[in-house]
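Below: one structure, written as structure tokens.
The values are calculated or read from the model by the stated rules, or taken from the named source; none is laboratory data. Since the structure is predicted, the reported quantities are computational estimates derived from the model, not experimental observations. Cβ placement follows ideal geometry from the backbone for every residue including glycine, while neighbour counts extend to all protein chains displayed. Calculation scope for accessible area: heavy atoms of the full protein, side chains included, ligands and nucleic acids excluded. Shrake-Rupley method; radii C 1.70, N 1.55, O 1.52, S 1.80 Å.
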Amino acid sequence: MTAHVTAEIAGQPDCWRRAAELAAARASQLPRPGERVAVVGCGTSYFMARAYAALRESLGAGETDAFPASDPTPLGRGYDRLVALTRSGTTTEVAELLAHAQGRVPTLALTGVPDSPAGRRADVVIDLGFADERSVVQTRFATTALQLLRAGLGVDLGPSITDAELALYEPLPRAWEQRGQFTFLGTGWTVGLADDAALKLREAARAWTESYAAMEYRHGPICISDRSSLVWCFGAAPSGLVDEVQTTGALFVADALDPVAALVRAQRLAVALAARRGLNPDRPRHVARSVILSSAARG
């Protein structure tokens, strides 16, 4: 049986086209240049929040910080806007943070389910239901939310969409699937993408994965790399890093694709590894589509 996540991965270029159109139509509701913005999420959505925060600051659009939704810090720092990323809109930490933010800071929720606890508690909701998913593992919703926010920063998504179509078309090298340990690296805003790539392989395939800022990889984590490893860098690799990785015997991967399109390739690798190991990538063990906490767990 074909996994839902396979179709969801394949649908990303079309979702990104719609995200670009939506960003243009809802531009006035997205963070404005100069605003101090907090971005929150859980799991994959938190990694996308981190990527957006770093990208927005690097483009000079304004101070931007990312937090796990379980962290109440944004409510006490005087931000001009709080942006929440939540696929289901039911995740307890996100819904509760938005409830506490009411009357304290303007809020924007990007969600696949507008009529949800998070959607009802946000001041403004952008409906990404067209990118919602049946798989527990997040792929197209997360990247579509990030791409919408990138478009809101003035990034032309055209090249990214073209690169994603290439990432979907080209066969994955067989040597990648034969590795036993995977390390993902990023620089600047792509560190969040590296973290998510590692999470995808853990969730879907129970693979041994790690992720780091590329310059930090040299400060100890490189010791784990050997001939069984694949080291994958999102974006340009720092000078000298390729030689250092190759010295360990690991296979180094980097390409000229847009980093979000490169994440599509990592998603495909996660599904391929799951198939190789006889696992269902739609239903990773111990993981649910949405984490809804009891009162005791919240306490």
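Brief remarks follow.
- Pair list, Cβ under 8 Å, 6 or more apart: the stretch 60-82 residue over 18 Å from residue 103 (Cβ atoms), other residue of a type in the set (Gly, Ala, Ser) and open to solvent by 50 Å² or more (accessible area, probe 1.4 Å): 61/34; 62/34
Residue-wise test of (1) among the aromatic types (Phe, Trp, Tyr); (2) open to solvent by 50 Å² or more (accessible area, probe 1.4 Å); (3) part of a helix (DSSP H, G or I); (4) more than 30 Å from residue 169 (Cβ to Cβ).
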residue	(1), (2), (3), (4)
5	no, no, yes, no
15	no, no, yes, no
28	no, yes, yes, yes
38	no, no, no, yes
74	no, no, yes, yes
85	no, no, no, no
96	no, yes, yes, yes
103	no, yes, no, yes
110	no, no, no, no
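- The set of residues in the stretch 133-148 that are modelled with pLDDT of 95 or more and either open to solvent by 10 Å² or more (accessible area, probe 1.4 Å) or aliphatic (A, V, I, L, M) (or both) comprises 140, 142, 145, 146, 148.
- Among residues that are over 30 Å from residue 283 (Cβ atoms), of a type in the set (A, V, I, L, M) and either open to solvent by less than 30 Å² (accessible area, probe 1.4 Å) or under 24 Å from the mean Cα position of the chain (by Cα) (or both), residue 237 is included.
- The set of residues in the stretch 84-97 that are without any contact (Cβ under 8 Å) to a residue 60 or more places away in the chain and either in contact with a Leu (Cβ under 7 Å, 6 or more places away or on another chain) or closer than 22 Å to residue 56 by Cα (or both) comprises 84, 86, 94.
- Options 152, 119; residue that is in contact with a strand residue (DSSP E or B) (Cβ under 8 Å, 6 or more places away or on another chain) and either modelled with pLDDT of 95 or more or among the hydrophobic types (A, V, I, L, M, F, W, C) (or both): 119
- Matching residues, the stretch 114-138, being touching a Gly at 6+ places or on another chain (Cβ under 9 Å), touching a residue at least 60 places away in the same chain (Cβ under 8 Å) and part of a loop (DSSP other than H, G, I, E, B): 128, 133, 138
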